[in-house]
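Enquirer: Shown below is the structure under consideration.
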Amino acid sequence: MATFNVNSIGTACPGPITDLIRAYKKAQNGDMIVLVANDPGVVPDAKIWCERTRNEFVSSKDTGDSLEITIKVTGKKA
Amino acid sequence: MKVIRMKKIAIIGSGAGGLITSSKLAKELSKEIKNEEVSITLYDKKTEQEFQPGYLEVAFRGTDPSKIKKRVNKLVNPGVNMVYENVEKVDLANRYIRTEGSDKNRDFDYLVISTGASPDYEQIPGLKEANRDFHTNADKSSLIYNEISNIKSGKIVVGIGGLPYKCPPSPNESAFMLDEYFTRKGIRDKVEIVYVTPFTRIYSAESISEVIEPIYKNRSIESITTFNTDTVDPEKKEITSLEGETLKYDHLFLTPPHKTAGFLKGSEYSDEDGWVKVDKKDLHITTYDNAFAIGDTTNIPISKAGVEAHLEGIVVGSNIIGDIRGTDKNYKFTGRTQCSMETGFHKATFVVGTYDRPVEKIEPSRMNYMEKKVMEEIYWSSLRGHYEWLFKYHFKEDYFQD
Ligand SMILES: Cc1cc2nc3c(=O)[nH]c(=O)nc-3n(C[C@H](O)[C@H](O)[C@H](O)COP(=O)(O)OP(=O)(O)OC[C@H]3O[C@@H](n4cnc5c(N)ncnc54)[C@H](O)[C@@H]3O)c2cc1C
C-alpha cells in the first residue's frame, strides 16, 4: 500500500483535480492519495469525483493555510 | 582595452515559445549582437513549423495540411543562429548542452527550454491502433477528415483520453465541429457523437462548463464525465475505464495524454513525469537563475497553450535583456490564459483567467470567432515579434507584471 502525496498549493480549479486524476492513474486499490491544496473549491469537487469513481473520500482537514484531503483508492477494476 | 566576453543565449525548441523569445531577444539586442557581445542560438531539428490550432480545421473541415506549415528559415530573425539539431543533454550546473549524436559541449550563459508537449500513446494500451488524433501533426490530422468523409452512420467517441494535454478546449471543439460537419451534410441524425472526460464536468472550469452544457444538450451531443480511459480494444472497438466501465465506438478521435521531450525525463530539474519545475512567475528553473523554461513543457498549473507560451517568452526575454544590460527590473508572468473554444457554426468562446482571477464566463459569439480568425491571420508574424503592440493593447495589465 502506497501513499501518494500531491501538492496542489497555489493552483486553482482545475489544477488540484488534474493533479488528483494524474496520481490516481498511477495508484492501486488500497493506496492513499493525500491532496494538499488551498483552492476552496477542491473539497466539493473531490467529493463528487470520489462518489462517481467509487473511491473513498476519507477526510478533509483545514490546516489554516491549506486544505488536506485524504482519499482511499477503492474504485479501480481488479 | 576592455575585453567584453560574449554572452551566449541558447534556446531549445523553435515552436511558439522558442520563436517569440528568440525574436524578442534578437530585435532588442541587435546592437549587442552586431558588436559580438551577445549571441543567440536556437536548436530544433524541425525545418518546418505548423500552426497547431489549425489541426482542428484540417481534421474537421478538410483544410489542406500544407496551408498551415511554414519553413523555419522564414520565421527566424537573422540575428539568431539556427542549429537544425535536437538537444539530448542539458547540464545546468556546468552550463552546457549537447545535441543528438554529438560529444561536443556547447556552453551557454542563459538557457531557455521550450520543447513543448506531444501525445504519449504508451500510457493507454491499444489506443495507438484504434485512434486518430489532431494533436500530433497536420498530416495525421488530415486522416480524420478522410475518415469522417466516409462516415454514413455510427458512433464517434471524442474527448480527453488522459492528462495533461495541450489546448484544453480542443476536445470540446472536436465534438462541436463534428456536429457542424454532419449537420451540414444532412446526416446528423444517423451519427452519434459522444464526448468523454475524466473531469467531473464537461469543461474543467465551472464557468465554461455552464456556458457549453446547454450546447451539448441542444445539439444532442452525449457527454460522459468522470471517465478515466485505461485501455482500448481495437478489435472489439471498446474503451475500458480505470473503474471497469466499457464504452463502444465505431470511430475514435480521443486526445491522448501528453509527454515532454525525452531528455527531460529523469533530470534533476523536472518532476517525475518530465515536466520542468519552474517558478510560475519569473519562470526560472528551480535553483538556476540563468535557466528558464516556458510553454507546454513546464509544470505550471495552467493550460498548455500558445498564448501562454508567447507571454512567458516575453517575460523571460525581457528579464534576460535586463540582466545583460544590468537593469534590476524583474518582469513576471501573470498566469494569463486565452484559449479560444470554437462552438461550431462560426461562434466561439474564450477561456480567460490569470493566477489571481478565476476563469471568466464568456458566452459564445461571432465576434469571438472573428477574434480567433484574426489571431490565425497574424500568427506567423506574431512569432517574429511584429505584433507586440497589439498583444500589449489586448492583454493590458496581464501582458506582464513589472
Ligand atoms: C489542436 C490544437 C489546437 C490548439 N489551439 C490553440 C489555441 O486556440 N490557442 C492557443 O493559444 N494554443 C493552442 N494550441 C496549443 C499551442 O499550439 C501550443 O501550446 C504551443 O505551440 C506551445 O508552444 P511551445 O513552444 O511550448 O511548444 P511547440 O510550439 O510545440 O514547440 C516545441 C518545439 O520544441 C522542439 N523540440 C522538442 N524536443 C526537442 C529537443 N530535444 N531539442 C530541440 N528541439 C526540440 C519541437 O520540435 C518543437 O518544434 C493548440 C494545439 C493543438 C494541438
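Enquirer: Any residue at all in the stretch B:23-36 that's in the same structural domain as B:Ile378 (by TED's automatic domain parsing), closer than 28 Å to B:Gly101 by Cβ and either assigned to a loop (DSSP other than H, G, I, E, B) or more than 8 Å from the ligand (Cβ to nearest atom) (or both)? Walk me through it before giving the result.
Expert: Restricting attention to the stretch B:23-36, the residues satisfying the condition of being in the same structural domain as B:Ile378 (by TED's automatic domain parsing) are B:23-36.
Checking the rest, the ones that are also closer than 28 Å to B:Gly101 by Cβ come to B:25-26.
Subsequent filtering for residues that are either assigned to a loop (DSSP other than H, G, I, E, B) or more than 8 Å from the ligand (Cβ to nearest atom) (or both) retains B:25-26.
Looking for residues that are in the same structural domain as B:Ile378 (by TED's automatic domain parsing), closer than 28 Å to B:Gly101 by Cβ and either assigned to a loop (DSSP other than H, G, I, E, B) or more than 8 Å from the ligand (Cβ to nearest atom) (or both), one finds at least one in the stretch B:23-36, hence yes.
Enquirer: Take the stretch B:174-209 and flag every residue that is among the charged types (D, E, K, R), within 13 Å of another protein chain (Cβ to nearest Cβ) and not in a loop (DSSP other than H, G, I, E, B). Spell out how you get there, then give the answer.
Expert: Applying the first criterion (among the charged types (D, E, K, R)) to the stretch B:174-209 yields B:179-180, B:184-185, B:188-190, B:192, B:201, B:206.
Remaining after also requiring within 13 Å of another protein chain (Cβ to nearest Cβ): B:201, B:206.
Passing the criteria: only B:Glu206.
Enquirer: When you go through B:Lys45, B:Lys128, B:Lys69, B:Lys89 one by one, which is the residue that is more than 14 Å from chain A (Cβ to nearest Cβ), among the charged types (D, E, K, R) and either away from the ligand (no atom under 16 Å from the Cβ) or without any contact (Cβ under 8 Å) to a residue 40 or more places away in the chain (or both)?
Expert: On the way: B:Lys45 fails: either away from the ligand (no atom under 16 Å from the Cβ) or without any contact (Cβ under 8 Å) to a residue 40 or more places away in the chain (or both); B:Lys69 fails: either away from the ligand (no atom under 16 Å from the Cβ) or without any contact (Cβ under 8 Å) to a residue 40 or more places away in the chain (or both); B:Lys89 fails: either away from the ligand (no atom under 16 Å from the Cβ) or without any contact (Cβ under 8 Å) to a residue 40 or more places away in the chain (or both).
Checking each option against the conditions leaves just B:Lys128.
Enquirer: Oh, and also: Taking the residues in the stretch B:297-327 that are of a type in the set (Asp, Glu) and within 15 Å of the ligand (Cβ to nearest atom) as candidates, determine which candidate is farthest from the other protein chains (Cβ to nearest Cβ). Explain how you work it out, then say what you get.
Expert: Of the stretch B:297-327, the ones of a type in the set (Asp, Glu) are B:308, B:312, B:323.
Okay, now just the ones that are also within 15 Å of the ligand (Cβ to nearest atom), so B:308, B:312.
Details: B:Glu308: 14, B:Glu312: 17 Å.
So, considering only residues that are of a type in the set (Asp, Glu) and within 15 Å of the ligand (Cβ to nearest atom), the one farthest from the other protein chains (Cβ to nearest Cβ) is B:Glu312.
Enquirer: Enumerate the pairs (first residue in the stretch B:276-296 and more than 14 Å from chain A (Cβ to nearest Cβ); second residue anywhere and of a type in the set (D, E, K, R)) with beta-carbon separation below 6 Å, excluding pairs fewer than 6 apart on the same chain, so at least 6 apart or on different chains.
Expert: B:Asp282/B:Lys332; B:Leu283/B:Glu312; B:Thr286/B:Lys277; B:Ile294/B:Glu312; B:Asp296/B:Lys166; B:Asp296/B:Lys304
Enquirer: Next question, about the same structure. Go over the candidates B:Arg357, B:Arg336 one by one and state the one that is within 13 Å of the ligand (Cβ to nearest atom) and within 14 Å of another protein chain (Cβ to nearest Cβ).
Expert: Numbers: B:Arg357 fails: within 13 Å of the ligand (Cβ to nearest atom).
After ruling out the rest, the residue left standing is B:Arg336.
Enquirer: Can you report the number of residues in the stretch B:282-301 which are within 16 Å of B:Tyr399 (Cβ to Cβ) and either of a type in the set (Ser, Thr, Tyr) or touching a Ser or Thr at 6+ places or on another chain (Cβ under 8 Å) (or both)? Lay out the reasoning, then the answer.
Expert: The initial filter retains those residues of the stretch B:282-301 that are within 16 Å of B:Tyr399 (Cβ to Cβ), namely B:282-283, B:294.
Still in the running and either of a type in the set (Ser, Thr, Tyr) or touching a Ser or Thr at 6+ places or on another chain (Cβ under 8 Å) (or both): B:283, B:294.
Qualifying residue count, the stretch B:282-301: 2.
Enquirer: Another question, if that's okay. In this structure, does B:Glu268 turn out to be surrounded by fewer than 21 Cβ atoms within 10 Å (Cβ to Cβ), more than 30 Å from B:Leu390 (Cα to Cα) and either within 16 Å of the ligand (Cβ to nearest atom) or away from every other protein chain (no Cβ under 14 Å) (or both)? First the steps, then the outcome.
Expert: Values: surrounded by fewer than 21 Cβ atoms within 10 Å (Cβ to Cβ): yes; more than 30 Å from B:Leu390 (Cα to Cα): yes; either within 16 Å of the ligand (Cβ to nearest atom) or away from every other protein chain (no Cβ under 14 Å) (or both): yes.
Against the criterion (surrounded by fewer than 21 Cβ atoms within 10 Å (Cβ to Cβ), more than 30 Å from B:Leu390 (Cα to Cα) and either within 16 Å of the ligand (Cβ to nearest atom) or away from every other protein chain (no Cβ under 14 Å) (or both)), B:Glu268 qualifies.
Enquirer: Residue by residue through the stretch B:235-264, note down the ones that are farther than 22 Å from B:Asn137 by Cα and either within 14 Å of another protein chain (Cβ to nearest Cβ) or surrounded by 14 or more Cβ atoms within 10 Å (Cβ to Cβ) (or both). Please lay out each step first, then the result.
Expert: Initially, the stretch B:235-264 is screened for residues farther than 22 Å from B:Asn137 by Cα, giving B:235-250.
Selection gives B:Lys237, B:Glu238, B:Ile239, B:Thr240, B:Ser241, B:Leu242, B:Glu243, B:Gly244, B:Glu245, B:Thr246, B:Leu247, B:Tyr249.
Enquirer: Another question about this same structure. Looking at the structure I just gave you, is A:Gly75 more than 26 Å from B:Ile208 (Cα to Cα), part of a loop (DSSP other than H, G, I, E, B), in contact (Cβ under 8 Å) with a residue 12 or more places away in the chain and not acidic (Asp, Glu)? Can you show your working first?
Expert: Numbers: more than 26 Å from B:Ile208 (Cα to Cα): yes; part of a loop (DSSP other than H, G, I, E, B): yes; in contact (Cβ under 8 Å) with a residue 12 or more places away in the chain: yes; not acidic (Asp, Glu): yes.
Yes, satisfied.
Enquirer: Here's something else I'd like to know. Might you check whether a residue that is modelled with pLDDT under 95, within 11 Å of chain B (Cβ to nearest Cβ), part of a loop (DSSP other than H, G, I, E, B) and surrounded by fewer than 17 Cβ atoms within 10 Å (Cβ to Cβ) occurs anywhere in the stretch A:1-23?
Expert: yes
Enquirer: Same structure again: Can you pull out the strands (runs of 3 or more DSSP E) entirely within the stretch B:291-402 that have at least 1 residues that are out of contact with any strand residue (DSSP E or B) (no Cβ under 7 Å at 6 or more places or on another chain)?
Expert: Details: elements: B:291-293, B:337-344, B:347-353.
It comes to B:337-344.
Enquirer: Could you check, for the stretch B:105-116, whether at least one of its residues is out of contact with any Pro (no Cβ under 9 Å at 6 or more places or on another chain) and small (Gly, Ala, Ser)? Before the answer, list the steps.
Expert: Going through the stretch B:105-116, the residues out of contact with any Pro (no Cβ under 9 Å at 6 or more places or on another chain) turn out to be B:105-116.
The next check asks that each one be small (Gly, Ala, Ser); those that pass are B:114, B:116.
There is at least one residue in the stretch B:105-116 that is out of contact with any Pro (no Cβ under 9 Å at 6 or more places or on another chain) and small (Gly, Ala, Ser).
The values are calculated or read from the model by the stated rules, or taken from the named source; none is laboratory data. A quick note: this is a predicted structure, and the numbers were derived from the prediction, not measured. Cβ: placed from backbone, ideal geometry, glycine included. Neighbour counts: every protein chain shown.
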